[in-house]
Amino acid sequence: MKLEQIISFLDELVPFHYAESYDNVGLLVKGAEELTGVLVTLDCTEEVVAEAKNSQCNLIVCHHPIIFKGIKRLTGSHYVERTLMAAIRQNISIYAVHTNLDNMLEGVNKTLSQKIGLLQTEILFPQISTLLKLQTYVPESETEKVSNALFEAGAGHIGAYSECSFRVQGIGTFKGSETSQPYVGKSGERHYEKENKIEILFPRHLQSRLIKALKQSHPYEEVAYDIIPLSNHNPTIGAGMIGDLPHPVPSLDFLKQLKKILNTGIIRHTPICKDMIQRVAVCGGSGGFLLSEAMRARADVFITADITYHHFFDADGKIIMADVGHFESEQFTKELLMNEIQKKFPTFAVLISNTNTNPVNYL
Ligand SMILES: [Zn+2]
């Protein structure tokens with residue numbers, strides 16, 4: 001299999017558009033074009049590069065980007081430099097899917113929610129500005145054809161509904177120049193045509209595919225269309241997740257069970273201000289910034305990582321905040337990535353890294 005095949009699959013599965021602006025996702029190191037195997041890991045370290053080589057994998061798909069800030073030299077004085085140098089020497093590619101995977105409906109937080117047993121899960125903090133509207137003007141006879149092409153390109157999804165659009169009839173006018181070859185009417189004469197205006201929603205990452213489908217299916221030489229940015233929340237893209245346990249559980253029992261599920265050495269938490277827990281907010285990794293969203297969503301507990309001393313105070317007796325460890329909260333990401341790649345390329349070697357990359361130890 002070619003490197004390009006898997007890259008275009010990952011780019012489509014976890015689009016760049018949904019990564020946070022500070023992030024550095026995608027192909028970070030380009031190695032051999034011909035792939036021998038894929039190794040999936042949370043972190044890419046020197047040990048993981050060595051594991052990849054020993055397992056005949058020449059592509060590492062990782063969650064945390066090994067290149068995150070500017071690199072000025074490759075002398076081997078720092079683990080990031082050594083990891084990159086080892087990958088380059090062995091002709092191994094490195095591809096990162098980070099906050100773009102965090103922000104997907106079926107991403108890091110969905111997997112964590114499923115492990116905890118949450119039902120009716122929704123994105124805790126949906127993104128804005130990732131939904132756009134396309135308006136276009138189509139002769140009546142071609143409306144169905146163009147609509148179908150737009151639906152097939154992925155437009156028109158709202159929640160559990162697909163093929164959502166709006167049409168209104170009107171009259172379009174145009175006058176072609178001498179060099180034009182109009183589909184209807186004559187060059188140099190104003191033409192009146194019965195048209196339908198189609199309005200349809202689509203997610204930002206599909207824009208180029210959608211415009212291509214529009215132009216290919218539309219009969220006019222020059223296709224008139226508008227793309228309108230929307231400030232609607234996008235319920236399928238965003239940070240964190242909220243959901244409910246099937247029934248309320250005593251708070252301490254829940255935390256003890258959570259410790260087992262995540263196999264974590266310690267859970268740091270705020271005072272047990274609720275007797276029972278049913279509504280649970282989660283955010284894999286450093287999710288402290290979502291505390292107010294978790295409170296607004298009436299969560300009994302907010303499970304995340306990297307909470308600082310002062311941030312614990314912000315729970316303010318209204319919610320239990322539980323820091324389960326960064327690595328532990330994202331440990332299922334490897335499984336998620338491996339399953340998705342294997343689903344698409346069932347006969348190709350996709351392995352989960354056995355290297356424990358958690359830099360935090362518990363005494
Ligand atoms: Zn992380």
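The values are calculated or read from the model by the stated rules, or taken from the named source; none is laboratory data. These numbers were taken from a predicted model, which means no experiment stands behind them. Using ideal geometry, Cβ is built from the backbone for each residue, glycine included, and neighbour counts are taken over all protein chains shown.
Let's see how each residue does on (1) more than 16 Å from residue 115 (Cα to Cα); (2) crowded, with 17+ Cβ neighbours inside 10 Å:
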site	(1), (2)
251	yes, yes
263	no, no
272	yes, no
285	no, yes
288	yes, yes
298	yes, no
313	yes, no
Checklist entry - Within the stretch 88-102, is there a residue that is closer than 30 Å to residue 248 by Cβ and within 16 Å of the ligand (Cβ to nearest atom)? => result yes
Item to check | Filter result for the condition that a residue is of a type in the set (Val, Ile, Thr), under 28 Å from residue 16 (Cβ atoms), more than 16 Å from the ligand (Cβ to nearest atom) and assigned by TED's automatic domain parsing to the domain that holds residue 120, over 242, 272 | outcome: 242
Next on the checklist: Suppose we filter the stretch 29-83 for residues that are farther than 27 Å from residue 5 by Cβ, in contact with a helix residue (DSSP H, G or I) (Cβ under 8 Å, 6 or more places away or on another chain) and among the hydroxyl-bearing types (Ser, Thr, Tyr); how many remain?
Outcome noted: 2
Checklist entry - Where in the stretch 1-73 are there strands (runs of 3 or more DSSP E), lying wholly inside it, with at least 3 residues that are surrounded by 21 or more Cβ atoms within 10 Å (Cβ to Cβ)? => result 38-43, 59-64
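Just checking, which of 132, 124, 119 is closer than 30 Å to residue 281 by Cα, loosely packed, with under 14 Cβ neighbours inside 10 Å and at pLDDT 95 or above?
On the way: 132 fails: loosely packed, with under 14 Cβ neighbours inside 10 Å; 124 fails: loosely packed, with under 14 Cβ neighbours inside 10 Å.
None of the other options fit; the residue is 119.
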Checklist outcome for this item: Residues of the stretch 318-357 being within 16 Å of residue 112 (Cβ to Cβ) and among the basic types (Lys, Arg), in sequence order, are 334
Item to check | Boolean, residue 292 is under 23 Å from the mean Cα position of the chain (by Cα) and surrounded by fewer than 13 Cβ atoms within 10 Å (Cβ to Cβ) | outcome: yes
Checklist entry - Restricting the search to the stretch 280-298, which residues are touching a helix residue (DSSP H, G or I) at 6+ places or on another chain (Cβ under 9 Å) and away from the ligand (no atom under 16 Å from the Cβ)? => result 280, 281, 291
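Would it be correct to say that residue 175 is farther than 24 Å from residue 11 by Cβ, touching a helix residue (DSSP H, G or I) at 6+ places or on another chain (Cβ under 6 Å), in contact (Cβ under 8 Å) with a residue 12 or more places away in the chain and not hydroxyl-bearing (Ser, Thr, Tyr)?
no
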